[in-house]
Amino acid sequence: MKSYDVVVIGAGPGGYVAAIRCAQLGLTTACVESWANDKGEPTLGGTCLNVGCIPSKALLDSSHQYQQIKQEANVHGITVSGVSIDVNRMIARKDTIVHILTQGIAGLFRKHKIDWLQGHGRLLSDNQIEISPVTAAHGEMTTVSAKHIILATGSVPMQIPAARIDNKLIVDSSGALAFNEVPRTLGIIGAGAIGLELGSVWNRLGAKVIILEALEEFLVPVDRQIAAQAHKTLQKQGLDIHLGTRVTGTGTNNRQVIITFDHSGDKQQIIVDKLIVAAGRQPNTAGLGAQEYGLQLDNRGFIEVDANCRTNLPNVYAIGDVVRGPMLAHKASEEGVAVAEGIAGHTGHVNYEVIPWVIYTWPEIAWVGRTEQELKERAHPYKSSAFPFMASGRARAMGETTGMIKILGDEKTDRILGVHMFGPNASELIAEAVLAMAFDASTEDIARTIHAHPTLSEALHEAALGIDKRALHI
Ligand code: FAD
Ligand code: NAD
């Protein structure tokens, strides 16, 4: 039986990053992965690369470009005629990007001499793993042993009884990344990150998008001021968002989906061409042998871990979507790095207080740290200042004046408590706030830092200046 210092189960952004870091630190490493693409080829990268972050951003970018050409070119004095889309080429471009990136991970594995064990991993004990091939064509059942095991089995879309996925008319997020034509009408269950991002893609490409969200509030985890701006803007763009609307049932007539929902006690129905179920994701421990070997799960099915991602089994760790905390690729990767460093005898650490969040609508929504409502609930004394992109020279030059940046600082110490953005390139702008918070910076630190002119980042500078009422351009 082959034995390793570390065997990682799952090659998403948690698992493959953990494997690379282990190998960098001189540990003999293997990574078990069962994913096969739609051609049946084994592939690395997990949800993020195959059906998550990357393909969704590829389509968000294509659809954004289409919309810019159609709606904004004219404003710049550019006359464009005969603009049309070829959905199949757009999807093929997305598939090529996924292929290049997943191949890239295979290349990194070769470079770092990480064994890619193709198949489904099952714990036989706290140091043995059985690997069954994805299909008979992919080899035989094998068993390997490891001094340390890292479980990085990720998550899968939440199934809800009210809308069973049929992969034709009712799809999950993976199906919604592969439509071969623009649906005339598209229903979406859930106004979370997936519902808003995929809703934006198909809305920009011409679908009439109706989003049904059970909660009364829009984007609960987001700062209320930012959420309100985003809600208004997205509605204006054509996303028909219905809050307080719980989907209770669906039926199909071979061509369309009939959705039944409850709104303020009223039972109502709508008919759409396609329905995306984006009702959340759940931890994936299927076939892992978790229960048989006493691996502790919490009441929602997440693998229980301590602050250092240790499970209750000795030398077995778990990271990423399959454990508590936000379901984000960068959180999974950071946990992977920290666990690898811990195994190698270093001190790995994840700063859970400063994990950035981004929702890739346009404008983008991004934040880090506490929201204003959280600070109020905790009765934490704070100072707040916001700067609108309308007053930013660069945003004006770009024609991107919607949104703002808001900064929250501790009333006594001035330490930054949170930064919230709705605006162009917020996904990139948030990095400055994350770095500042990671260094425990004050709002004064940002206020005294020179920001290049004209850039969008000046909006954060101005927001920080505004904490002491010395913003210069408002
Ligand atoms: P995963 O990426 O789910 O990988 C787990 C891997 O384990 C899979 O490859 C699976 O095949 C494998 N596996 C599971 N069980 C076994 C087993 N027993 N044996 C062998 N292999 C096994 N996050 C962001 O941060 N930014 C985004 O923009 C973003 N966009 C997203 C868009 C969509 C449409 C979706 C669905 C998700 C998005 N996410 C985004 C979330 C992100 O994809 C996840 O947080 C991330 O992939 C979690 O990484 P992971 O390594 O924990 O798990
Ligand atoms: P989510 O939990 O954010 O949103 C799901 C929504 O569906 C909830 O608001 C819930 O109230 C609603 N819902 C559930 N059942 C319903 C019903 N019967 N009727 C109406 N509404 C219902 O989950 P998601 O958007 O599916 O995303 C899953 C995970 O993937 C998230 O945790 C997120 O972190 C991650 N993700 C991140 C990004 C990003 O970072 N940009 C992008 C996509 C996904």
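The values are calculated or read from the model by the stated rules, or taken from the named source; none is laboratory data. Not measured: the values here are computed from a predicted model. Don't worry about glycine lacking a Cβ; one is built from the backbone with ideal geometry, like all the others, and counts go over all protein chains shown. Heads up: the accessible areas ignore ligands, DNA and RNA and are worked out on the full protein's heavy atoms, side chains in. Shrake-Rupley method; radii C 1.70, N 1.55, O 1.52, S 1.80 Å.
Cross-link partners among aspartates and glutamates for K376, C-alpha distance below 19 Å, same-chain residues fewer than 8 apart left out?
The qualifying aspartates and glutamates are E217, D223, E353, D410, E411, D414.
Set the Förster distance to 35 Å, then compute FRET efficiency between R224 and N351 from the Cβ-Cβ distance, nearest 0.05.
Numbers: r = 25 Å, r/R0 = 0.72.
About 0.90, to the nearest 0.05.
First compute the accessible area of region 144-269 with a 1.4 Å probe, then give the percent of it belonging to carbon and sulfur atoms.
Numbers: 2750 of 5500 Å².
Its accessible area is 50 percent carbon and sulfur atoms.
Taking each pair of different alpha-carbon atoms in region 354-466 once, compute 1/r for the pair, average those values, and report the inverse of that mean as the Kirkwood hydrodynamic radius in Å to one decimal.
Answer for region 354-466: a Kirkwood hydrodynamic radius of 13.7 Å.
Which far-off residues, 5 or more places away or on another chain, put their amide H under 5 Å from the one on G418, with H placed in the peptide plane?
The list, which skips near neighbours in sequence, is R370, L408.
Checking the a/c ratio against 1.5 first, then a/b against b/c, what shape does the Cα gyration tensor give for the chain?
Oblate shape, in that a/c is at least 1.5 and b/c is the bigger or equal ratio.
Report the residues of region 338-382 in range of a label on D445: point 7 Å along Cα→C-beta, backbone N strictly under 17 Å from it.
Those under the cut-off are 351-356, 368-370.
For each pair in K412/K469; K208/K236; K2/K113; K236/K267; K383/K469, compute the distance between the two Cα atoms and list the pairs where it is over 18 Å. Intermediate results must be reported in sequence, preceding the final value.
Details: K412/K469 16 Å; K208/K236 13 Å; K2/K113 15 Å; K236/K267 26 Å; K383/K469 11 Å.
From K412/K469; K208/K236; K2/K113; K236/K267; K383/K469, over 18 Å: K236/K267.
In nm, what is the difference between 0.36 nm times the number of residues separating H473 and D38 and their Cα-Cα distance? Working shown, then result.
Numbers: separation 435, 0.36 × 435 = 156.60 nm, distance 5.29 nm.
Roughly 151.3 nm would be gained on extension.
5 Å is the cut-off here: which amide hydrogens, built 1.01 Å from N in the peptide plane, fall below it relative to Y317, excluding neighbours closer than 5 in sequence?
I149, I150, L151, T311
When only C-alpha pairs under 8 Å and at least 6 residues apart count, what is the relative contact order of the chain, in percent?
Taking the mean separation of contacting Cα pairs over the length of the chain, I get 14 percent.
For region 336-467, what % of the accessible area comes from carbon and sulfur atoms, probe 1.4 Å?
Ligands and nucleic acids excluded, carbon and sulfur reach 52 percent.
Please compute the per residue accessible area over region 170-279 with all protein chains in place, 1.4 Å probe, rounded to a whole number of Å².
41 Å²
Hey, what do the phi angles of region 431-438 turn into as Karplus ³J(HN,Hα) couplings, whole Hz, using 6.51/-1.76/1.60 and θ = phi - 60°, x for Gly and Pro?
Going residue by residue, I get 4, 5, 5, 5, 5, 4, 5, 5 Hz, with x marking Gly and Pro.
Order the following by accessible area, largest value first: W362, W202, W35. Probe radius 1.4 Å; ligands, DNA and RNA are ignored.
Heavy-atom accessible area, descending, gives W35, W362, W202.
Please work out the FRET efficiency for the pair S125 and R310, using the Cβ-Cβ distance as r and a Förster radius of 22 Å; give the result to the nearest 0.05. Show your work: numbers first, answer last.
Working: r = 17 Å, r/R0 = 0.76.
For R0 = 22 Å, the calculated efficiency reads 0.85.
Would region 151-290 count as rounded, prolate or oblate if I go by the C-alpha gyration tensor, calling it rounded below 1.5 in a/c and otherwise prolate when a/b exceeds b/c, oblate otherwise?
Verdict is rounded for region 151-290.
Shape call for region 260-402 from the C-alpha gyration tensor, a ≥ b ≥ c root eigenvalues: rounded (a/c under 1.5), prolate (a/b greater than b/c) or oblate? Walk me through the intermediate numbers first.
On the way: a/c = 2.13, a/b = 1.31, b/c = 1.62.
Oblate.
Need one number: nm distance between label points at H99 and M390, each 7 Å from Cα along Cα→Cβ, rounded to one decimal.
The answer from the label model is 4.8 nm.
I'd like the distance between the alpha-carbon centres of region 232-299 and region 19-48, rounded to an integer number of Å.
Spelled out, the Cα-based centre of one part sits 30 Å from the other.
Through the Karplus equation 6.51 cos²θ - 1.76 cosθ + 1.60, θ set to phi - 60°, convert the phi angles of region 23-29 into ³J(HN,Hα) values in whole Hz; use x for Gly and Pro.
5, 4, 8, x, 8, 6, 9
Once phi is turned into θ = phi - 60°, what whole-Hz ³J(HN,Hα) does the Karplus curve with 6.51, -1.76 and 1.60 give for every residue of region 285-290, x standing for Gly and Pro?
Each residue of region 285-290 in turn: 10, 4, x, 8, x, 4 Hz.
Can you pull the one-decimal nm distance between simple spin-label points at A286 and S81, each 7 Å off the Cα toward Cβ?
In this crude label model, A286 to S81 measures out at 5.3 nm.
Among A279, N88, L297, which residue has its Cα positioned farthest towards the positive end of the charge dipole of the chain, with +1 placed on the Cβ of Lys and Arg, -1 on the Cβ of Asp and Glu, and the dipole taken about the Cα centre?
N88
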